[in-house]
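Okay, structure first, notes after.
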Amino acid sequence: MSKQLLKIAVVTGSRAEYGLFKPLLQLIQKDRSLQLQLLVTGMHLSPEFGLTFQQIETDGYKINEKVEMLISGDTDSAIVKSTAIGMMGMADALQRLQPDWVVVLGDRFETFAAAFAAHQAKIPVAHLHGGELTEGATDDAMRHAITKMSFLHFTSTDIYRKRVIQLGESPDRVLNVGAIGLESVRTLKTLSKKELEKQLDMKFGKLNFLVTYHPVTMEKQTAEQQVRQLLLALDRFPEATLIFTMPNADADGRVIMRLLEQYAKKESDRVKLFTSLGQLRYLSALKQVQLVIGNSSSGIIEVPDMHIASINIGIRQQGRVKSESVIDTKTDTNSIIKAIRYSLSPEFSRKIKKASNPYNKKGTAAAIVARIRKAGKLGSVKKKFYDL
């Protein structure tokens with residue numbers, strides 16, 4: 001009798017998350033003892049966010065389930081309703097697929113919906129990037145809730161591993177494996193400058209900034225004011241070519257989209273705006289820019305590995321472990337201008353060349369696969385609270 005395959009369902013709801021997952025997906029697909037099941041949801045299925053499920057299919061992956069959940073809206077209420085729809089869809093999808101494990105990453109409401117559905121179905125959850133802090137985002141609470149619904153934990157630093165244990169998870173189920181996104185940073189063959197310029201229909205200048213700004217979801221209606229402050233700061237650097245990527249599907253995200261579209265139209269000679277660059281073009285663009293600006297986790301986790309200056313604006317990422325190549329700044333125009341000038345100084349250029357990345361660890365995807373394979377088919381997902 002042939003050995004039954006271990007079915008691993010991986011859930012992805014956004015372009016960024018899929019890019020991070022790719023090394024893991026490749027290993028699961030190659031392993032003859034494992035069966036990959038791919039559940040695609042959230043922004044992947046939305047025309048507004050680029051229908052990025054098509055890129056997953058182009059990459060050669062079979063999508064086992066498409067779980068619709070995003071409703072059209074830019075409010076907290078819309079996010080709650082989307083999460084509820086996602087839970088219903090995930091419940092049905094998991095019932096059909098009957099996976100042995102569900103793998104989720106991070107902290108977004110799409111991930112929360114999947115983890116809750118799996119938890120209620122008594123399917124063990126493996127969670128990547130738990131124990132982190134983003135005190136300016138509602139995701140912070142969802143991340144810790146996902147931790148409590150998960151059985152295995154793969155953290156990106158030792159500090160985060162200790163925090164997951166502090167939440168009551170047994171140390172033997174919590175592994176520091178580093179940040180999985182760094183595997184692609186180190187191994188992906190990026191596009192040449194010429195190839196990238198052709199694909200993006202643009203020319204890089206002597207000074208180039210990559211900008212991604214998301215709503216600060218623990219604040220009420222601050223997105224418009226903060227983005228206007230950022231754009232005023234960027235006006236002070238007219239020599240810079242600007243590449244903007246659109247924000248995620250969060251409350252007030254469409255406010256930011258509208259402002260960026262207006263700005264790109266006004267500054268069309270030096271601004272390019274993209275709904276989604278995708279992993280290859282994003283990492284290729286990083287090699288051509290002198291500075292990354294915004295409040296995305298990528299500026300803190302992946303960008304430092306390339307020894308590029310990163311300006312982190314505001315409190316969205318407050319609490320994360322950061323490399324010396326990251327400059328924290330307030331949201332007002334003058335603070336952002338000051339941070340940009342400092343980031344471009346010879347002094348800071350020397351500093352980032354020596355800066356190390358606290359999220360760097362080799363063999364991340366392999367360590368995750370090995371631990372899940374070792375756990376195998378669990379008879380029970382019961383666990384005791386681990387008291388310090």
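The values are calculated or read from the model by the stated rules, or taken from the named source; none is laboratory data. Note that this is a predicted model, so its numbers are computed, not measured. Cβ: placed from backbone, ideal geometry, glycine included. Neighbour counts: every protein chain shown.
Would you be able to say whether some residue in the stretch 345-368 is surrounded by 18 or more Cβ atoms within 10 Å (Cβ to Cβ), under 25 Å from the mean Cα position of the chain (by Cα), β-branched (V, I, T) and farther than 27 Å from R186 by Cβ? Looking for residues that are surrounded by 18 or more Cβ atoms within 10 Å (Cβ to Cβ), under 25 Å from the mean Cα position of the chain (by Cα), β-branched (V, I, T) and farther than 27 Å from R186 by Cβ, one finds none in the stretch 345-368, hence no.
Only residues that are of a type outside the set (S, T, N, Q) and touching a residue at least 40 places away in the same chain (Cβ under 8 Å): list them for the stretch 309-329, please. Within the stretch 309-329, A309, I313, G314, I315, R316, G319, R320, V321 meet the criteria. Screening the stretch 1-83 for strands (runs of 3 or more DSSP E) wholly inside it with 3 or more residues that are surrounded by fewer than 24 Cβ atoms within 10 Å (Cβ to Cβ) and not charged (D, E, K, R) returns the ranges 34-41.
Restricting attention to the stretch 97-144, the residues being in contact with a Leu (Cβ under 8 Å, 6 or more places away or on another chain) and not in a loop (DSSP other than H, G, I, E, B) number 16.
Of the residues making up the stretch 375-388, not one is in a helix (DSSP H, G or I) and in contact with a Ser or Thr (Cβ under 9 Å, 6 or more places away or on another chain).
Here the condition is being farther than 21 Å from I243 by Cβ and under 17 Å from the mean Cα position of the chain (by Cα); of R316, R371, R320, it holds for R320 alone. Of all residues in the stretch 88-104, none satisfies being modelled with pLDDT under 95 and within 20 Å of D140 (Cβ to Cβ). When the stretch 198-254 is filtered for residues that are assigned to a helix (DSSP H, G or I) and under 21 Å from the mean Cα position of the chain (by Cα), the ones remaining, listed by number, are A223, V227, G253, R254.
Residues of the stretch 165-189 that are modelled with pLDDT of 95 or more, of a type in the set (S, T, N, Q) and either closer than 17 Å to S298 by Cα or not in a strand (DSSP E or B) (or both): Q166, S170. Within the stretch 227-257, restricting attention to residues that are without any contact (Cβ under 8 Å) to a residue 60 or more places away in the chain and touching a Pro at 6+ places or on another chain (Cβ under 8 Å), the residue that is nearest to Q288 (Cα to Cα) is P247.
Within the stretch 213-255, the only residue that satisfies the criterion of being touching a Gly at 6+ places or on another chain (Cβ under 8 Å), β-branched (V, I, T) and surrounded by fewer than 22 Cβ atoms within 10 Å (Cβ to Cβ) is T241. Residues that are assigned by TED's automatic domain parsing to the domain that holds G136 number at least 3 in none of the strands (runs of 3 or more DSSP E) confined to the stretch 268-374. From the list A113, A117, A126, A91, which residue is in contact (Cβ under 8 Å) with a residue 24 or more places away in the chain and closer than 22 Å to I165 by Cα? It is A126. Taking the condition charged (D, E, K, R), surrounded by fewer than 18 Cβ atoms within 10 Å (Cβ to Cβ) and within 15 Å of F209 (Cβ to Cβ), does E267 pass? Answer is yes for this residue.
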